[in-house]
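Notes for the one structure printed next.
The values are calculated or read from the model by the stated rules, or taken from the named source; none is laboratory data. It should be emphasised that the depicted structure is a prediction, and the values quoted were computed from it without experimental measurement. Note that each Cβ is placed from the backbone with ideal geometry, even for glycine, and that neighbours are counted across all protein chains shown. The accessibility values were calculated without ligands, DNA or RNA, using every heavy atom of the protein model including side chains. Shrake-Rupley method; radii C 1.70, N 1.55, O 1.52, S 1.80 Å.
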Amino acid sequence: MTRKYIALPQGVSEKDFDAAINNFRKVLSDDAVLTSAEQLAPYIKTMMPVPDADHTPSAALLATTVEQIQKIVAICNQYKVPIWMISTGKNLGYGSAAPAERGQVVLDLKRMNRILEVDKDLAFALVEPGVTYQQLYDYIKEHKLGLWLSMPAPSAIAGPVGNTLDRGVGYTPYGEHFLFACGMEVVLANGEVLRTGMGSMPNSNTWQVFKWGYGPYLDGIFTQSNYGIVTKFGFWLMPEPPAFKPFVIQYQHEEDIVEIVETIRPLRISGVIPNAVVIAHALYEAPVKAKRSDYVSGPGSIPDEAVYRIMKDHKLGIWNVYAALYGTQEQIDVNWKIVTQAFGQSGKAKILTEQEAAEDPAFVYRAKLMRGEMTLTEFSLYNWRGGGGSMWFAPVSQARGSETLKQMALTKQILAKYGLDYSGEFIVGMRDMHHIVDVLYDKTDPEQTKAAYQCFDELLTEFSARGYGTYRVNTAFMDKVAETYGPVQRKVHKTLKKALDPNGILAPGKSGIR
Amino acid sequence: MKKTRSGNYIVGCIIAIFFVAGNAWSAQDEKTTPGFAWKDGAEIYAKICAYCHDVQVGPPIRNRELPAAYIRAVVRNGRFAMPAFRAAEIDDESLTKLAEFISRRSTQP
Ligand SMILES: Cc1cc2nc3c(=O)[nH]c(=O)nc-3n(C[C@H](O)[C@H](O)[C@H](O)COP(=O)(O)OP(=O)(O)OC[C@H]3O[C@@H](n4cnc5c(N)ncnc54)[C@H](O)[C@@H]3O)c2cc1C
């Protein structure tokens, strides 16, 4: 018997699925209901160390309007068909565009991509889910709005809605993206349309300027969640500053991370350095300039001695602190003095600005990220090992030197046990650090793939045992991470799920919620 | 009796407000521009592919007369460091134009 579908949703018969697909075809045009292996191929590639079959979708629906989505959820409720929502679908290293569970139907909102409003005076945007950062960037340039975006490293191909809904980060002063979100429109599982905050009030014009509305604040429950389908999203943009000064500070020893963090924290909390600073390890930056195979061959993680050679050959610190100053030239001059004095004290820091580093490809792409310019240079990371395997390990740390050193050492030790390299960085939040480690492995090598899986599992186990929680995780490990946050939170999540989506049709499994 | 009637009236008002609100929303939506569409192959190359293929994240692909079918297959399936691109991002027609643009031998470097 030839199979009609490449996968089926759990517990749904082919007959029922057929009926659901026929109904979807009545709502969307034929070319917007994808079921063939060829059409679904782009949804299948992930970088996770699990069989692609575990995350193969049964279909993809390319909806473009709220009304279509309302009809889709009605059909899903009728046939108990689960849908997995994506906006721009570039959640690379966290599960890409593939669903959490085999057989889920991807609701792909990429074609729902209108820029509804960008207000120059109040510096906010209201967009649909499929809008990319590139699209918005071009729009702002074309209309000379003088506003800057903050975006993650996959900039051009990702988008503000998906990134912020997964609570992603960028590198400008607006880098903690969800802090700058203001107002959502959400299609609920029962088909009702909720506008959060001031948006609930008819004829209100404050939806994108005042976050809280009246009563319990709801926006948060639609992030990293499966309680609704976000169809419009408001957020604040940064006015273009008159001057911008990016810089990098290099250190030579891994233990120096203590001094770095102790120096940065007061500057960051007081706002002298306003942006989401990155403290990148040499191995995070090396792939932009060097080839791993020029320094090591054979199995095992890269030895420290080779890392030092890379640093020397390619003018990298073991730690490379990327930050920037924004404002008028006078403001920058004053703050630059404070920064150089603070970092100059111990004599260990080497401070470089555009003057010295304008030709350095790592500096160039970091400077772009800090001013919201498009770049995909960071994808060099995947040429380091080759083979396309990657998972982001993303524990949260206090912005305290002793803590960052502890986390770095523990991560390195566990990675080494499995023969993997420490490609890590710390993204400095307001008082926290997102410790971001790209667990890179060769997905064409079954042994290394198995090792990567076990390694990631052990990282989560060991970190949570010490009270270090993960801020976000790929779709193969969502249950494991949910478990680390304890039973009460899980129960509350489940209670909300039951209330808002009793048939469990929206992204079952997201953040471990079913 | 009276009480129930005014109760119904209030419910009626709420429903009316709900619909008015719904209309206000869709009116606002209609004022805005239509969705995004690619102009041509060169635009897609510049706004996606070039960020990797012109900066040594990926190999050069222009001026190599790579077969169009091969280019389309790599774009849809992705390859190691290169993510896959869906028809929702680059529709089939635009992908055909893009593949032509890339495989065509141009006089420019
Ligand atoms: C080299 C590299 C560097 C990276 N750097 C960063 C970085 O600096 N910062 C960062 O944050 N990430 C980073 N990432 C991870 C990821 O690529 C980005 O976060 C990216 O923005 C996520 O993809 P997206 O924006 O297309 O969101 P999507 O894939 O569209 O959405 C992400 C998730 O949000 C949920 N979601 C999406 N849309 C909806 C909706 N309409 N309703 C309800 N739920 C929805 C779904 O769970 C979905 O899986 C990096 C990845 C790579 C490969």
Legend entry - Which numbered condition A:Gly401 misses (of (1) more than 12 Å from chain B (Cβ to nearest Cβ); (2) under 21 Å from the mean Cα position of the chain (by Cα)): (2)
Inset, instruction - Answer yes or no as to whether A:Phe363 is more than 15 Å from the ligand (Cβ to nearest atom), touching a residue at least 60 places away in the same chain (Cβ under 8 Å) and more than 20 Å from A:Val50 (Cα to Cα). - result: yes
Legend entry - Where A:Tyr79 falls short, out of the listed (1) touching a residue at least 60 places away in the same chain (Cβ under 8 Å); (2) open to solvent by less than 10 Å² (accessible area, probe 1.4 Å): (2)
Inset, instruction - Could you list all residues from the stretch A:393-413 that are crowded, with 20+ Cβ neighbours inside 10 Å, under 21 Å from A:Cys455 (Cα atoms) and of a type in the set (A, V, I, L, M, F, W, C)? - result: A:Phe393, A:Ala394, A:Met408
Legend entry - One residue from A:Glu176, A:Glu240 being more than 14 Å from chain B (Cβ to nearest Cβ), more than 8 Å from the ligand (Cβ to nearest atom), touching a residue at least 12 places away in the same chain (Cβ under 8 Å) and within 22 Å of B:Lys47 (Cβ to Cβ): A:Glu240
Inset, instruction - Would you check which residues across the stretch A:212-230 are open to solvent by 10 Å² or more (accessible area, probe 1.4 Å) and either more than 9 Å from the ligand (Cβ to nearest atom) or not assigned by TED's automatic domain parsing to the domain that holds A:Leu126 (or both) and list them? - result: A:Trp212, A:Gly213, A:Tyr214, A:Gly215, A:Pro216, A:Tyr217, A:Leu218, A:Gly220, A:Ile221
Inset, instruction - Tell me the helices (runs of 4 or more DSSP H) entirely within the stretch A:240-341 that contain at least 2 residues that are crowded, with 24+ Cβ neighbours inside 10 Å. - result: A:257-269, A:282-285
Legend entry - Verdict on A:Gln70 being surrounded by fewer than 19 Cβ atoms within 10 Å (Cβ to Cβ) and away from the ligand (no atom under 13 Å from the Cβ): no
Legend entry - Residue among B:Ala88, B:Ala99 that alone is surrounded by 21 or more Cβ atoms within 10 Å (Cβ to Cβ), part of a helix (DSSP H, G or I) and touching a Gly at 6+ places or on another chain (Cβ under 9 Å): B:Ala99
Legend entry - Index of the failed condition, A:Lys141 passing every other in (1) closer than 17 Å to A:Ile86 by Cα; (2) open to solvent by 10 Å² or more (accessible area, probe 1.4 Å): (1)
